[in-house]
1. Confirm whether B:GLY232 is under 25 Å from B:ILE422 (Cα atoms), at pLDDT 90 or above and surrounded by 17 or more Cβ atoms within 10 Å (Cβ to Cβ).
2. Of all residues in region A:89-115, which are at positive phi and either free of Cβ contacts under 8 Å to residues at least 60 places away in the same chain or touching a Pro at 6+ places or on another chain (Cβ under 6 Å) (or both)?
3. Would a scan of region A:57-68 turn up a residue that is among the hydrophobic types (A, V, I, L, M, F, W, C), under 30 Å from B:LEU250 (Cβ atoms) and away from chain B (no Cβ under 14 Å)?
4. Look at A:SER191 and say whether it is surrounded by 17 or more Cβ atoms within 10 Å (Cβ to Cβ), modelled with pLDDT under 85 and within 12 Å of chain B (Cβ to nearest Cβ).
5. Taking only region B:110-167 into account, find how many residues are touching a strand residue (DSSP E or B) at 6+ places or on another chain (Cβ under 6 Å) and either on the phi > 0 side of the Ramachandran plot or surrounded by fewer than 20 Cβ atoms within 10 Å (Cβ to Cβ) (or both).
6. Scan region A:155-186 for residues that are within 24 Å of the chain's Cα centre (by Cα), closer than 30 Å to B:GLN62 by Cβ and of a type outside the set (Val, Ile, Thr) and jot them down.
7. Restricting to region B:33-55, and then to whatever is touching a Leu at 6+ places or on another chain (Cβ under 9 Å) and within 14 Å of chain A (Cβ to nearest Cβ), can you tell me which residue is modelled with the highest pLDDT?
8. Does at least one position in region B:242-265 carry a residue that is more than 12 Å from chain A (Cβ to nearest Cβ), closer than 30 Å to A:PRO177 by Cβ and surrounded by 15 or more Cβ atoms within 10 Å (Cβ to Cβ)?
Amino acid sequence: MGLFILKRVGIMLLTALCLTFLVFFLTNLYPNLEKLAKTQGNFRMSDEQVESYLEKNGYLQSTPIKYGEWLGVLPSYRHTNEDGTVQGRCILPGATAEESPRFCGILQGYWGYSTVFKEEVSTVVGTRLHLTGRLMLWVMLLMIPSALILGVLAGMKEGSATDRTLSTFAITTTATPEYVSGVIFIAIFTSSAVGLKWFKGTATQAMENPTFENFFLPVLTIALYGMGYIARMTRASMTEVMTAQYIRTARLKGVSFPNIVMKHALRNALIAPFTVIMLQFPWLLNGVVIVETLFNYKGFGWALVQAAGNNDIQLLLAISVVSVFVVLVTQLISDIGYVYLNPRIRIS
Amino acid sequence: MEPLTWTGSIAFLNPLLALALGLVVLSIIVWMLASVVLPEDQMTVNPDGTLTSSSGLRNLIQAALRYSFLASVAISVAYIVLGVLMGTSAGIVGAISQQFLPVWLSLIILYAMSIAFKRKLGLYGKLFDSPIGMIGFGLVMFWVFTGIFGAMDLIVTQDPLAQISGMKNKVPGTPVANLEEGQYAWYLLGGDNLARDVFSRMVKGAWIVVQIAPLATMFAFMVGITLGLPAGYYGGRLDTLLSFLANLILAFPVILLFYLLVTPEIVATGVPNYMAAILFVFPIIFLGVLLNSRYYTRPNFRTPLLIGVLGVALWLYLSLISTGGYIINTDSYRIWGLPTYLDLFDIPGGILVVFVSVVFVNSPTVFRIVRGLALDIKTRDYVAAAQTRGEGPWYIMLWEILPNARGPLIVDFCLRIGYTTILLGTLGFFGLGLPPESPDWGSTINEGRKLLSIYLHPALPPALALLSLVLGLNLLADGLREESLKD
């Protein structure tokens, strides 16, 4: 088991390295750097001005060297201005070149400086992740229990009235992407045209003061899309368990139906959905980006849109590291958890 | 011109429809409750061996559900038929059903033909045995026909890009101000923020989806199959490497990838052209290997066949990837492609990058599915038999394994078209790739959402259109799965 986890962690690190290099490569293509220079300076910069800005900030080195600097395995770039002052990635505003360290990358714990938010990337990511974490917590609290209940109810008796109705509902939710359900919810529940006005159409206030009124719609929008999929997987697993031999034995010896479901079937039926729920995280990340944009909730997904729109290289890299980390860790947890839940599978 | 109401002179149907729908909902609730509360039907075995089930309350409730459902379907059909006959005097609903007349006719012909010949049509014919599959197929074909006829300018009422002054954010059914000769007199679903016709834009948007989504899914399948079969069949290092690459792409959040790939800056560097050049090779490899492995024992037949097929495929490939005589055309350097007089069609950079990134995102998942299926099927007896016969590995992969994996692959193909539609909508929603005035559903939703609290009508039609198309594809996949499991 220990070796298995070690191997998986090794693959994780390799994946993260490859992906961050890919992001690094794409964000450091010259047209993107030009865009960065123009958003930082002004939009009427001439080609020479762009060139000198990029030169001064060390963007014109070759990509592997820049990537090494970002990682913290190569000494970072320094540029001596005409007035003799030295500027560089490691030299924070107000510090001199002598005081500053030569290496500053993520190995040293320095994530860089966000050009959009004018803040250190680690603080930006920290605050945004905190906000998104709260959103995700409520999404999970709403989505997982309701999806499991839906799936178990539908899977108890295949082909029954409950099964047909709930399955139709589940298919409909999987066919409704967040930007469609969100728009429909906003139209029905918040607009003055329909006049219900039960909820708020934006979640901006929910960042400081989340209430049911301003926070429920974004949570519901993300939860619905993921719910249908988990419910269908739970249903499939439940129907499979319900046709197993030991369930038939239990029925024949006269155990009541609720008891069969609760005591015999449920635990075995929940193994497969656990994996699905874990693998659902990367998809939820997409939902987060869409919903945060739609409801103007300034969390992690919103920061991603801002960073990508303005080619904020350091922030984009940090965001991709975090999201890749989330994806890989949930994959690992799902593998390990599967082994724990299902004693029939042992990793050799 | 008078503004149109929703139902005009067929408004007498509204209370009937409301009643029927209310009855459907009521009977579904009663049905579900009854299935919990009431005892199960008692079966009695008669002396002659037949079974009799008591026609209890359950059957009564089921009958109620069936009849109320049929009634609401009948009333909906009545709306459409009366609308087609009466046109604008039946309000907006009537005018829209009249505009959709070619779609209705094609659907009726398609269904009549398919049901008449369903026993001779294989899996497609069996689809018409399952009600779910029929509903799904109907929804999908509705949008396919809408897309095709919309592209032929049959359904659209106004120019989807033209802005008519005085029509900004007007409610559905508003008559067009300053009517010109030959122009349709109303904005059936109102005007959007830039005074364009919402209805026509929705119809034109269907064409974009109908063009890109199936084609992109098909390319993703070609890539996934060409790489997934050997990975599953050979295993070993090749499998490890390819699986690692697939997991690498899958670990990437889709939206981040879109934001990195689908920008004008990336288009300017020519990265999408390189990706297109690589990804679009796979169908040619697939075709070549497919035909060669089957016919290599008959060189007299194979050689001309391969020359013909690969020649056409290469020509299409080169026309696809070269634009204006170049494969890659950036400021710093360019690579020569097919000369313009041989170039069949040009794809604008915006569309190409959307297409390429959608294929790129979808193919790793297809790869994993195909690999899993190949791993499973390669242990079967007929594969062993083919190996003993001395068939080559590619023959076994493409002519033994692939045909036997078709069931799950067809189902996944339908689901994946739906997912691709969602991805295209996502791209439009974030304003990536397609030009901002493009009528695709994602961009329209994005534009409409900004004023959603005051004006609902610009955002809702494309949202509901996308929802119904994806729902149709999911139902179709469900029906296909059910029918293919019956064998």
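1. Working: under 25 Å from B:ILE422 (Cα atoms): no; at pLDDT 90 or above: yes; surrounded by 17 or more Cβ atoms within 10 Å (Cβ to Cβ): yes.
No; evaluated as a whole, the condition is false for this residue.
2. Narrowing region A:89-115 to residues at positive phi: A:94, A:109, A:112.
Hits for region A:89-115 are A:GLY94, A:GLY109.
3. Initially, region A:57-68 is screened for residues among the hydrophobic types (A, V, I, L, M, F, W, C), giving A:60, A:65.
If we keep only those that are under 30 Å from B:LEU250 (Cβ atoms) as well, we get A:65.
Retained after the next criterion (residues that are away from chain B (no Cβ under 14 Å)): A:65.
Within region A:57-68 (the criterion being among the hydrophobic types (A, V, I, L, M, F, W, C), under 30 Å from B:LEU250 (Cβ atoms) and away from chain B (no Cβ under 14 Å)), the answer is yes, since at least one residue qualifies.
4. Working: surrounded by 17 or more Cβ atoms within 10 Å (Cβ to Cβ): yes; modelled with pLDDT under 85: yes; within 12 Å of chain B (Cβ to nearest Cβ): yes.
When the stated conditions are applied, A:SER191 passes them.
5. Start the filter on region B:110-167 by keeping residues that are touching a strand residue (DSSP E or B) at 6+ places or on another chain (Cβ under 6 Å), which leaves B:158, B:167.
Cutting the leftovers down to either on the phi > 0 side of the Ramachandran plot or surrounded by fewer than 20 Cβ atoms within 10 Å (Cβ to Cβ) (or both) gives us none.
Residues flagged as touching a strand residue (DSSP E or B) at 6+ places or on another chain (Cβ under 6 Å) and either on the phi > 0 side of the Ramachandran plot or surrounded by fewer than 20 Cβ atoms within 10 Å (Cβ to Cβ) (or both) within region B:110-167 amount to 0.
6. Residues of region A:155-186 that are within 24 Å of the chain's Cα centre (by Cα), as a first pass: A:170-186.
Cutting the leftovers down to closer than 30 Å to B:GLN62 by Cβ gives us A:170-176.
Scanning region A:155-186 gives A:ALA170, A:ALA175.
7. Restricting attention to region B:33-55, the residues satisfying the condition of being touching a Leu at 6+ places or on another chain (Cβ under 9 Å) are B:34, B:38, B:43-45.
Checking which are within 14 Å of chain A (Cβ to nearest Cβ) leaves us with B:34, B:38.
Details: B:ALA34: 81, B:LEU38: 71.
Looking at residues that are touching a Leu at 6+ places or on another chain (Cβ under 9 Å) and within 14 Å of chain A (Cβ to nearest Cβ), I get B:ALA34.
8. If we filter region B:242-265 for residues that are more than 12 Å from chain A (Cβ to nearest Cβ), which is where we start, we get B:242.
Narrowing the set further to residues that are closer than 30 Å to A:PRO177 by Cβ leaves B:242.
Okay, now just the ones that are also surrounded by 15 or more Cβ atoms within 10 Å (Cβ to Cβ), so B:242.
Checked region B:242-265: at least one residue is more than 12 Å from chain A (Cβ to nearest Cβ), closer than 30 Å to A:PRO177 by Cβ and surrounded by 15 or more Cβ atoms within 10 Å (Cβ to Cβ).
The values are calculated or read from the model by the stated rules, or taken from the named source; none is laboratory data. Treat the numbers as computed from the prediction; the structure is a model and nothing was measured. Note that each Cβ is placed from the backbone with ideal geometry, even for glycine, and that neighbours are counted across all protein chains shown.
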